[in-house]
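First comes the structure, then the notes that go with it.
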Amino acid sequence: MKRLCKGLFAVCLLLTLTACGKSEASKTSNITITDQAGREVTLEKPAEKVVSGYYIATSTLIGLGQEDKLVGVEMKADKRMIYKKAAPQVIDLPAMGNKKSFNVEECAKAKPDVVFLPNSLSSYIDKLEELGMKVIILNPETMSDYDEAIKIIAAVTGAKDEADAYFTYRDELEAKYLKLDTAPDKLVYFAGSELLEASGEHMFQGELIKKAGGVNVMKEGKDSTWMKINKEELLKKNPAYIFVENKGADINGFYDDEAYRDIKAVKDKQVYEFPSKLETWDTPNLSSCLGELYMASVLYPEKVSKEDVIKEAKVFYQKFYQIDVDAKDLGL
């Protein structure tokens with residue numbers, strides 16, 4: 001009888017401990033992050049259904065292997081070559097909006113666990129939360145901001161291992177090619193959607209210049225927005241290299257206007273539109289590490305070749321997007 005009582009006690013104790021264990025686990029399994037608007041957001045478990053109203057979030061989700069969780073994306077997804085090649089099913093998902101507006105009703109129909117939005121759509125937070133949806137704001141204006149955005153996306157979707165693999169890959173790529181002694185004559189001007197729209201030092205493009213061993217002629221840019229300058233200012237800066245953002249201003253404008261003919265970059269024909277055809281390498285994307293490499297190949301061709309860029313791009317896209325690419329895809 002004593003043996004039976006002891007046995008029953010042991011079973012009861014085990015059940016109690018197991019229940020406690022489950023209770024404790026449920027308490028600690030919650031995922032709490034602070035988004036890039038400074039808001040604390042908690043999920044009970046990694047999101048299984050995701051809506052992205054932001055290209056940067058969508059591309060990052062695909063690169064982290066989370067494309068099957070997407071149930072809605074930003075408008076004009078069919079214009080994104082990286083989607084067509086790496087995750088064609090995304091193109092047919094409901095279009096939720098752009099950086100100026102968002103379709104709350106369409107999003108509600110998709111019943112997502114979480115919605116990723118750019119900072120420009122913060123005004124939709126209350127409407128979405130009233131309908132029971134979790135909202136995470138992303139605002140990756142700088143390289144460190146984008147790294148934070150990757151970590152947020154990974155935490156929310158349970159893709160920490162994939163994010164860690166990306167950071168390891170990028171660190172190794174930079175260690176292999178970008179340990180460069182910056183030469184003072186590598187003076188770079190980075191233009192946006194207009195020839196006289198300049199990237200300052202603290203913009204994502206400005207940070208690309210620094211990573212690639214260049215010297216930004218527009219160092220006085222103190223924040224992460226494009227600066228408007230005039231022709232006289234650019235002539236005075238006299239950059240040796242000019243880069244224009246992907247699908248930005250027409251680089252021929254520098255050659256067609258006689259006002260620019262005395263700029264060293266124009267005289268030496270060192271004016272470039274940033275690649276690639278798949279996606280922009282000069283904006284917050286996983287592939288921006290290839291943008292660093294590309295710029296270094298222009299500034300230091302004796303150390304980083306065009307062939308190096310193509311070779312590493314093939315490795316990158318196979319590793320993170322499971323697609324094969326060639327020089328034509330990259331615009332190189």
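The values are calculated or read from the model by the stated rules, or taken from the named source; none is laboratory data. Treat the numbers as computed from the prediction; the structure is a model and nothing was measured. Cβ sites come from the backbone with ideal geometry, for glycine too, and all protein chains shown count toward neighbours. The accessibility values were calculated without ligands, DNA or RNA, using every heavy atom of the protein model including side chains. Shrake-Rupley method; radii C 1.70, N 1.55, O 1.52, S 1.80 Å.
Below is a table of values for the structure above.
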{"item": "Local electrostatic count, residue 98, Cβ distance below 11 Å [Lys/Arg +1, Asp/Glu -1]", "result": "+2"}
{"item": "Over 20 Å (Cα to Cα) - which of 277/303; 247/267; 79/269; 176/210; 176/303 fall in this group", "result": "277/303; 247/267; 79/269"}
{"item": "Protein accessible area in region 84-125, 1.4 Å probe - carbon and sulfur %", "result": "48 percent"}
{"item": "Computed P(r) (all Cα pairs; region 23-115; 5 Å bins; percent)", "result": "3, 13, 22, 22, 19, 11, 6, 3, 1, 0"}
{"item": "Region 148-235 shape via C-alpha gyration tensor axes, a/c threshold 1.5", "result": "oblate"}
{"item": "Highest to lowest packing among 310-320, 54-64, scored as the average C-beta count within 10 Å", "result": "54-64, 310-320"}
{"item": "Among beta bridges that DSSP assigns inside the chain, antiparallel share in %, nearest 5", "result": "30 percent"}
{"item": "Where the chain is the region considered: accessible area per residue in Å², 1.4 Å probe", "result": "50 Å²"}
{"item": "Summed residue charge, Cβ within 10 Å of residue 120's Cβ, Lys/Arg positive, Asp/Glu negative", "result": "+2"}
{"item": "For residue 246, residues with placed amide H under 5 Å, excluding near neighbours", "result": "274, 282"}
{"item": "Peptide ranges 91-99, 235-243 listed from the most packed, as the mean C-beta count within 10 angstrom indicates", "result": "235-243, 91-99"}
{"item": "Entries of 219/328; 186/228; 211/314 with Cα pairs more than 29 Å apart", "result": "219/328"}
{"item": "3J(HN,Hα) from dihedral phi, region 252-264, Karplus parametrisation 6.51/-1.76/1.60, rounded to Hz, x for glycine, proline", "result": "5, x, 6, 8, 7, 8, 4, 4, 9, 5, 8, 5, 3"}
{"item": "Most to least packed among 133-143, 32-42, 283-293 [average Cβ atoms within 10 Å]", "result": "283-293, 133-143, 32-42"}
{"item": "All aspartates and glutamates inside 18 Å of residue 109 as judged from Cα atoms, apart from same-chain residues fewer than 8 positions distant", "result": "48, 68, 74, 92, 126, 129, 130"}
{"item": "Over the chain: helical MRE at 222 nm, DSSP H runs n ≥ 4 each giving -39500 (n - 2.57), nearest 500", "result": "-13000 deg cm²/dmol"}
{"item": "Integer Hz, Karplus 6.51/-1.76/1.60 couplings in order for region 53-66, x for Gly and Pro", "result": "x, 8, 3, 4, 5, 4, 4, 5, 4, 5, x, 8, x, 10"}
{"item": "Length-normalised contact order of the chain in % [C-alpha pairs under 8 Å, at least 6 apart]", "result": "14 percent"}
{"item": "Spread of Cα-to-Cα distances over 5 Å intervals beginning at zero, given as percent, for region 157-204", "result": "4, 15, 12, 14, 17, 16, 13, 7, 2, 0"}
{"item": "Neighbourhood net charge (13 Å Cβ-Cβ; Lys/Arg +1, Asp/Glu -1) for residue 261", "result": "-1"}
